[in-house]
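*Asks:* Sharing a structure below in structure tokens format, with a few things to ask.
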């Protein structure tokens, strides 16, 4: 009598994600909305909503345009890991179509200072709140040697956060942002750290579908460290955080 023994091996992976765009842009741009260009190299304006459309102009980084009509989000395309759509805009005397993935109703940050950016948002009547909370660490001398700043943006999504973080966090251009997130956490170390900088790391976290849900940029240098974070509070609220520590 021959007995057969069947062994069944079940592999359980605690986390797996699909290979997809890290940002799925589902924002709505109403006619008349002012949008800002967040592409470092500017954004091409095309005659038709197609990559093959005639190139009419280029709108520079940080400049603005006005949405002409609500976009047709059925015509999607993917650029640099962002799945977006075409938006019909007016810039100066001209009109045309731009890719949604590099525009936002929130402007480009001029520097990493949260209060400055908050003041800019207030001037544009974009809803936001700013708080600065000192952190007293036991065993460390006074005056306060650590603080946490929080900037909350209403009417914002992770698509906006992804764009704003590039300028607000002052992430070095030598750090290349990945186009796909194939792991729960992806960290990129700065290959060209300045003298006196011991760590300079960008970390992106993904949800089960492979879409971005958290961004962290951490730097440690002679005399202290800085920690920038952004995450979604809900589908229409984004929270930026900044913690600075002095050794």
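The values are calculated or read from the model by the stated rules, or taken from the named source; none is laboratory data. Computed from a predicted model, the values in this text were never measured in an experiment. With ideal geometry, Cβ positions are generated from the backbone for all residues, glycine too; neighbour counts draw on all protein chains shown.
*Asks:* Of the conditions (1) modelled with pLDDT of 95 or more; (2) within 21 Å of residue 39 (Cα to Cα), residue 191 satisfies every one except a single condition; which number is it?
*Replies:* It fails just one condition, (2).
*Asks:* Residues of region 75-97 being buried (at least 17 other Cβ atoms within 10 Å of the Cβ) and farther than 20 Å from residue 166 by Cα, which ones?
*Replies:* Result: 85, 86, 87, 88, 89, 91, 96, 97.
*Asks:* Consider region 40-70. How many of its residues are assigned to a loop (DSSP other than H, G, I, E, B), under 24 Å from residue 110 (Cβ atoms) and either outside the structural domain of residue 93 (by TED's automatic domain parsing) or modelled with pLDDT of 95 or more (or both)?
*Replies:* Adding up the residues that qualify gives 5.
*Asks:* Being closer than 20 Å to residue 26 by Cβ and not in a loop (DSSP other than H, G, I, E, B) narrows it down to one of 165, 156, so name that one.
*Replies:* 165
*Asks:* Report every pair of residues separated by at least 6 positions or lying on different chains whose Cβ atoms are under 7 Å apart, first residue within region 148-170 and in contact (Cβ under 8 Å) with a residue 40 or more places away in the chain, second crowded, with 21+ Cβ neighbours inside 10 Å and part of a helix (DSSP H, G or I).
*Replies:* 149/114; 151/114; 151/117; 163/102; 168/117
*Asks:* Moving to a separate point now. Just for region 103-135: of the residues that are out of contact with any helix residue (DSSP H, G or I) (no Cβ under 7 Å at 6 or more places or on another chain) and assigned to a strand (DSSP E or B), which one is nearest to residue 166 (Cα to Cα)?
*Replies:* Selected residue: 103.
*Asks:* Out of region 179-225, which residues are touching a residue at least 40 places away in the same chain (Cβ under 8 Å) and assigned to a strand (DSSP E or B)?
*Replies:* Those that are touching a residue at least 40 places away in the same chain (Cβ under 8 Å) and assigned to a strand (DSSP E or B): 180, 204, 206, 212, 213, 215, 217.
*Asks:* Which condition does residue 144 not pass, out of (1) modelled with pLDDT of 95 or more; (2) more than 17 Å from residue 168 (Cβ to Cβ), if it passes all the others?
*Replies:* Tallying (1) modelled with pLDDT of 95 or more; (2) more than 17 Å from residue 168 (Cβ to Cβ), residue 144 fails exactly one: (1).
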